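See below for the structure under consideration.
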C-alpha cells in the first residue's frame, strides 16, 4: 500500500474511504501485529520504551490497535488542505505553495514578521529544572513541556513541578502532550504541588481532539491558582 494515495482525496469522505479500504487492513496482518508488539520496532518513530509503555495503555492493549487509531485520526479527522502533519506522514513532504496550508512559520506572508521579531527569542540549551531554579518566584507565565514528561521518573517530575510551581505567576499556564490519553501527573506528582493547579479538563479534551498531529493521546492544560 502506498500511503501517498490518500493525497488524491478531494473530501473527508474520500479520505475515510482510502483509510478503510487501503490502510486499516494493514493493521490486521499478523506480521505487523508481531512487529509492533516489540518495543524496538518503534524506535524509528522516535518512541522510546517508556513512551511505548504509555502508548499501549490505549486501545485494546495491543500496539497495532493504538497505531491504527492514531493513523485513523490523522487520515480521517482533518481535511488534507489544512493538515501539514498529514502531508509529512503520507506525502513525505510539505505541500508546495498553493497546494495546502504550511506551518505558520513557513508561510511567506509571515516571513517579515518573524524576521523583525527574531531578536526577541532567546535560546538556552539547558536542563529545564536547573534553568527555572535561576528564575525569580512568580516570574514565568507560560510553560510548554511538549512530551518530555513521558520518560521522566517520579523524582524528576516532582523536581520539575516544584520549580514550575515556584516560578509560576498567578494564572500561569502549562501545556504538554502525552502518549497515553490521561494526564500522567496524578498519582506521580505530589498533591501539595498539584493542589496549586487547576486541570482544565474540558479545554484539554477539546485541544486533544483538535491536535492535527494525531500522534499523541492527550493534550493537557494546567492553570495556576491564585495564592
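The values are calculated or read from the model by the stated rules, or taken from the named source; none is laboratory data. Nothing here was measured: the structure is a model prediction, and the numbers come from that model. For neighbour counting, all protein chains shown are included, and Cβ atoms are generated from backbone atoms with ideal geometry for every residue, glycine included.
The table for this structure:
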{"quantity": "Residues of the stretch 174-227 satisfying the condition of being in contact (Cβ under 8 Å) with a residue 60 or more places away in the chain and assigned to a loop (DSSP other than H, G, I, E, B)", "calculated": "179, 180, 181, 184, 212, 213, 214, 215, 216, 217"}
{"quantity": "Selection count where residues are touching a helix residue (DSSP H, G or I) at 6+ places or on another chain (Cβ under 7 Å) and either at pLDDT below 95 or not assigned by TED's automatic domain parsing to the domain that holds residue 144 (or both), scope the stretch 179-201", "calculated": "2"}
{"quantity": "The stretch 153-172: number of residues that are crowded, with 18+ Cβ neighbours inside 10 Å and not in a helix (DSSP H, G or I)", "calculated": "2"}
{"quantity": "Counted residues, the stretch 129-158 - those being without any contact (Cβ under 8 Å) to a residue 60 or more places away in the chain and closer than 20 Å to residue 51 by Cα", "calculated": "12"}
{"quantity": "Condition met for residue 86 (touching a residue at least 60 places away in the same chain (Cβ under 8 Å), surrounded by 12 or more Cβ atoms within 10 Å (Cβ to Cβ), assigned to a helix (DSSP H, G or I) and outside the structural domain of residue 216 (by TED's automatic domain parsing))", "calculated": "yes"}
{"quantity": "Qualifying residue in the stretch 19-38 (condition: surrounded by fewer than 16 Cβ atoms within 10 Å (Cβ to Cβ), within 16 Å of the chain's Cα centre (by Cα) and not in a helix (DSSP H, G or I))", "calculated": "no"}
